[in-house]
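*Asks:* Sharing a structure here in structure tokens format.
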Amino acid sequence: GIRDLTGDWSSDVWSSDLCPSVEFSPEDGSRTSSDFLYKVVEAVIDSGADIVNIPDTVGYATPNEYGAFIKGIKANVPNINKVIISVHCHNDLGLAVANSLAAVENGAEQIECAVNGLGERAGNAALEEIVMAIKTRHDNFDCYTDIVTEQIKRTSSLVSHMTGVQIQSNKAIVGA
């Protein structure tokens, strides 16, 4: 949204004709005060956002913490049912995939991830690991993906070739 000169947020500046979807992402959401974040998320939904992305920007959260954090947002933001809850986890502690899956178990509906887990610092949640965990453990995750799993290895190799970032030989799902 755009704040007018009186300081009020205006949703009339978001036109679905010009921008059919608006995603709000609070930087470093997982380390933000929960009460403050609940108020901000409620306000951006009222202003027209239809996706709320909750990032673990520095890859600091653990799966139990992050899952509970998403559950808390669902329980404490009154208008949260009007949006898709998305997550974006960094892998600084090697927990990005686990945190993303814990978020899904607690109500997140979208995961932002990257082929081969590419991203700044230690990377992001690895698409191939998330997709195969959901597919293999469908009994545990109440969600699906339309990703064509037979193309994951080929896509991973292409991304590796194009970026020059080698895939470690023992990497889950796509390693040699």
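The values are calculated or read from the model by the stated rules, or taken from the named source; none is laboratory data. Just so you know, these numbers come straight off a predicted model, no measurement behind them. Note that each Cβ is placed from the backbone with ideal geometry, even for glycine, and that neighbours are counted across all protein chains shown. SASA here: full protein model, heavy atoms, side chains in, ligands and nucleic acids out. Shrake-Rupley method; radii C 1.70, N 1.55, O 1.52, S 1.80 Å.
*Asks:* Give me the distance between the Cα centres of the stretch 137-171 and the stretch 58-74, rounded to whole Å.
*Replies:* Measuring centre to centre over Cα atoms gives 24 Å.
*Asks:* Additional query: With a 1.4 Å probe and every protein chain kept in, tell me what percent of the accessible surface of the chain is carbon plus sulfur. Please list the in-between numbers first.
*Replies:* Working: 5230 of 10150 Å².
Exposed carbon and sulfur together represent 52 percent of the surface.
*Asks:* A follow-up question, please. Whole number in Å², please: accessible area per residue of the chain, 1.4 Å probe, ligands, DNA and RNA not counted.
*Replies:* Details: 10150 Å² over 176 residues.
I get 58 Å² per residue for the chain.
*Asks:* Shifting gears a bit: What longest region of the chain stays clear of GluC sites (Glu not before Pro) that DSSP places outside H, G, I, E and B and that have at most 13 other Cβ atoms within 10 Å? Could you put the intermediate results ahead of the total?
*Replies:* Details: sites that count: Glu27, Glu109, Glu120.
Looking at the chain, 28-108 is the longest stretch - no exposed GluC sites (Glu not before Pro) with at most 13 other Cβ atoms within 10 Å.
*Asks:* Ordering Met132, Met162 from largest to smallest accessible area (1.4 angstrom probe), what's the sequence? Don't skip to the end; give the middle numbers.
*Replies:* Working: Met132 45, Met162 140 Å².
Of Met132, Met162, the descending order of accessible area is Met162, Met132.
*Asks:* Name the lysines eligible as straight-distance cross-link partners of Lys39: C-alpha to C-alpha under 26 Å, and not fewer than 8 places from it in the same chain.
*Replies:* Output for Lys39: Lys71, Lys74, Lys82.
*Asks:* What chymotrypsin sites (Phe, Trp or Tyr not before Pro) does the stretch 53-147 have in DSSP loop regions with at most 14 other beta carbons within 10 Å? Intermediate results must be reported in sequence, preceding the final value.
*Replies:* Values: sites: Tyr60, Tyr66, Phe69, Phe141, Tyr144; in loops: Tyr60, Phe141, Tyr144.
Those satisfying the criteria are Tyr144.
*Asks:* Taking the Cα centre of the chain as the origin and placing charges on Cβ (Lys, Arg +1; Asp, Glu -1), which of Ile173, Ala102, Ala75 is farthest toward the positive end of the dipole?
*Replies:* The residue sitting most towards the positive pole is Ile173.
*Asks:* Next question, about the same structure. Under a Cβ-only charge scheme (Lys and Arg +1, Asp and Glu -1), can you give me the dipole magnitude of the stretch 73-132 about the Cα centre, in debye to the nearest 20?
*Replies:* Values: 3 positive and 7 negative charges, 52 e Å.
Dipole of the stretch 73-132, to the nearest 20 debye: 260 debye.
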